[in-house]
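Asks: Pasting a structure here, questions to come.
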Amino acid sequence: MATLLETRDAKYKAATDIVAAAKSASRDLTPDEIETVEDLNAELVTLNEQITQARKSKSLIDQFATVNPDEPTPDPTQTKSLGEHFVKSVGGSNLGKLRQAGTVLSAPEWKAVGPMLVGTAFDDDLVQLDRTIVQAYRRPTVSDLLGAGTISGTAVTYYIEGPVTGNFAAVAEGATKPQLQIANPTPVTDRITKIAGWWTMTDEMVEDVPWFIAEVNNRGLYLLSLQEEYQLLNGDGTGANLRGVLQRSGLQTETQAATGDSAADAIFRALTKVQTATGLTADGIIINPADYQALRLAKDSNGQYFGGGFFAGQYGQGGIPLQPPIWGYQTVVSAAVPAKTVVLGALRAATTVYRKGGIRVESTNTHVDDFTANRVTTRIEERIGLAVRIPAAIVKVTLV
């Protein structure tokens, strides 16, 4: 094992040195460097597989040397959720260490999709390649409609784009071409903020590993997603809060008339405003559950639901989607948007949600009097930021 780790660390250092040299010189990797790094990466994958097998062997030897048939053993090959990722990273039986004074178990940051390099604090393996695709809690959320990006710093500066002046035109050979220019781009800096929470469990609860996994996934991750939605829409930018979409200047507005106008009509007019003002096409709608209910229960003059009844589609034709999209646009129903307010627009083009790292889970028995009371405190946190580059591509609709 030691020889494998030393070899792997040397390969990893060689690859990172090449990348760091190119980055410090503000240049791209040369073709030879790319080939070298790819070869080193392939060797790292093989070495990591060998190290994993060696670790599994050692783990099995240790496990069956002091086997406890009453203790559930997590499957080390599966981490389909945040809770399982945490338990696998710390080694399922290590949760028992939380009874010891001064113990803190910390897993690598967790990301919902894609392979990632992660570290661990519980053995001599500094870097491992985790190729597991981990699925997050998947009810549609506000962040699903927004653009996505990653960041390594603590803030991001970007430009709010004004209208484009000039236009393309047909020109004769040798003639002067027309100029296009984005008018008065305004630099804006938004910081990365942390969303976090914690709760306390008894030692007996923690010993039930499947239950602990369910708590992290079903309670922790779900409640985290609700606060994330609120911040992305309503954060006021003060203190540690994000500056949410609804707190940005330059948004377009649309209002439902008091009489002779429907909410559906006002929403469609707002969809049109996005394209006429910016040339972009709207791609998403965010609506409060009460307002969505009013649309969903609307009936025509024959008493038929516009969106289909509770057993079949309109006039008995077709099935019923769980939450039919409004005007065919991807729709997120969320209590994070205030009642009588609908937010829509070219959301992926106009915004970016920046995530620094992944979701982090840590547990300890040293919080306040946890040790003397036989309790364990678990914390979940993430770091995100929001950029809104084209406010005019977003419309705030006010319903009556």
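Asks: Within the stretch 1-37, take every residue that is surrounded by 12 or more Cβ atoms within 10 Å (Cβ to Cβ) and among the acidic types (Asp, Glu) and give me the one that is farthest from the chain's Cα centre (by Cα).
Replies: Among those that are surrounded by 12 or more Cβ atoms within 10 Å (Cβ to Cβ) and among the acidic types (Asp, Glu), it is GLU33.
Asks: ALA270: modelled with pLDDT of 95 or more, surrounded by 19 or more Cβ atoms within 10 Å (Cβ to Cβ) and in contact with an Asp or Glu (Cβ under 9 Å, 6 or more places away or on another chain), yes or no? Outline the logic, then answer.
Replies: Values: modelled with pLDDT of 95 or more: yes; surrounded by 19 or more Cβ atoms within 10 Å (Cβ to Cβ): yes; in contact with an Asp or Glu (Cβ under 9 Å, 6 or more places away or on another chain): yes.
Yes.
Asks: Only residues that are modelled with pLDDT under 95 and among the hydroxyl-bearing types (Ser, Thr, Tyr): list them for the stretch 224-248, please.
Replies: SER225, THR238
Asks: From (1) farther than 20 Å from LYS356 by Cα; (2) among the aliphatic types (A, V, I, L, M); (3) touching a Gly at 6+ places or on another chain (Cβ under 6 Å); (4) surrounded by 16 or more Cβ atoms within 10 Å (Cβ to Cβ), pick out the condition that doesn't hold for ALA183.
Replies: (4)
Asks: Tell me which residues, restricted to the stretch 323-354, are under 17 Å from ASP291 (Cβ atoms) and without any contact (Cβ under 8 Å) to a residue 24 or more places away in the chain.
Replies: none
Asks: Could you list, in sequence order, the residues of the stretch 274-300 that are surrounded by fewer than 20 Cβ atoms within 10 Å (Cβ to Cβ), within 24 Å of ALA336 (Cα to Cα) and charged (D, E, K, R)?
Replies: Once the filter is applied, which keeps residues that are surrounded by fewer than 20 Cβ atoms within 10 Å (Cβ to Cβ), within 24 Å of ALA336 (Cα to Cα) and charged (D, E, K, R), the stretch 274-300 yields ASP283, ARG296.
Asks: Before we move on, is GLU215 exposed (fewer than 13 other Cβ atoms within 10 Å of the Cβ) and among the acidic types (Asp, Glu)?
Replies: Numbers: exposed (fewer than 13 other Cβ atoms within 10 Å of the Cβ): no; among the acidic types (Asp, Glu): yes.
For GLU215, the condition - exposed (fewer than 13 other Cβ atoms within 10 Å of the Cβ) and among the acidic types (Asp, Glu) - is not met.
Asks: Still on this structure: Just for the stretch 251-265: of the residues that are over 26 Å from the mean Cα position of the chain (by Cα) and not polar (S, T, N, Q), which one is farthest from PRO391 (Cα to Cα)? Walk me through how you get there before you give the answer.
Replies: Let us first name the residues in the stretch 251-265 that are over 26 Å from the mean Cα position of the chain (by Cα), namely 252-265.
From what's left, not polar (S, T, N, Q): 254, 257-258, 260-261, 263-265.
Values: GLU254: 14, ALA257: 24, ALA258: 26, GLY260: 29, ASP261: 26, ALA263: 22, ALA264: 22, ASP265: 22 Å.
That would be GLY260.
Asks: Moving to a separate point now. Does GLY250 satisfy being within 30 Å of PRO163 (Cβ to Cβ) and either among the aromatic types (Phe, Trp, Tyr) or in contact with an Asp or Glu (Cβ under 8 Å, 6 or more places away or on another chain) (or both)?
Replies: Details: within 30 Å of PRO163 (Cβ to Cβ): yes; either among the aromatic types (Phe, Trp, Tyr) or in contact with an Asp or Glu (Cβ under 8 Å, 6 or more places away or on another chain) (or both): no.
So GLY250 does not fit the description; no.
Asks: Does THR132 satisfy the condition of being assigned to a loop (DSSP other than H, G, I, E, B) and modelled with pLDDT under 90?
Replies: On the way: assigned to a loop (DSSP other than H, G, I, E, B): yes; modelled with pLDDT under 90: yes.
Yes.
Asks: Next up: With respect to the numbered conditions (1) modelled with pLDDT of 65 or more; (2) assigned to a helix (DSSP H, G or I), which one is the sole condition not fulfilled by LEU98?
Replies: Unmet for LEU98, out of (1) modelled with pLDDT of 65 or more; (2) assigned to a helix (DSSP H, G or I): (1).
Asks: Then there's this: Does ASP203 fit the bill of being exposed (fewer than 14 other Cβ atoms within 10 Å of the Cβ) and either touching a helix residue (DSSP H, G or I) at 6+ places or on another chain (Cβ under 9 Å) or polar (S, T, N, Q) (or both)?
Replies: Working: exposed (fewer than 14 other Cβ atoms within 10 Å of the Cβ): no; either touching a helix residue (DSSP H, G or I) at 6+ places or on another chain (Cβ under 9 Å) or polar (S, T, N, Q) (or both): yes.
When the stated conditions are applied, ASP203 does not pass them.
Asks: So, one more: Among the residues of the stretch 324-362, write down those that are under 22 Å from the mean Cα position of the chain (by Cα) and of a type in the set (S, T, N, Q).
Replies: Selection gives GLN330, THR331, SER334, THR351, THR352.
Asks: While we're here: Tally up the residues in the stretch 163-221 that are under 31 Å from the mean Cα position of the chain (by Cα), of a type in the set (A, V, I, L, M) and in a loop (DSSP other than H, G, I, E, B), please.
Replies: 1
The values are calculated or read from the model by the stated rules, or taken from the named source; none is laboratory data. Here the structure is a predicted model, which is why all the values come from computation and not from measurement. Glycine also receives a Cβ, built like all others from the backbone with ideal geometry; neighbour counts cover every protein chain displayed.
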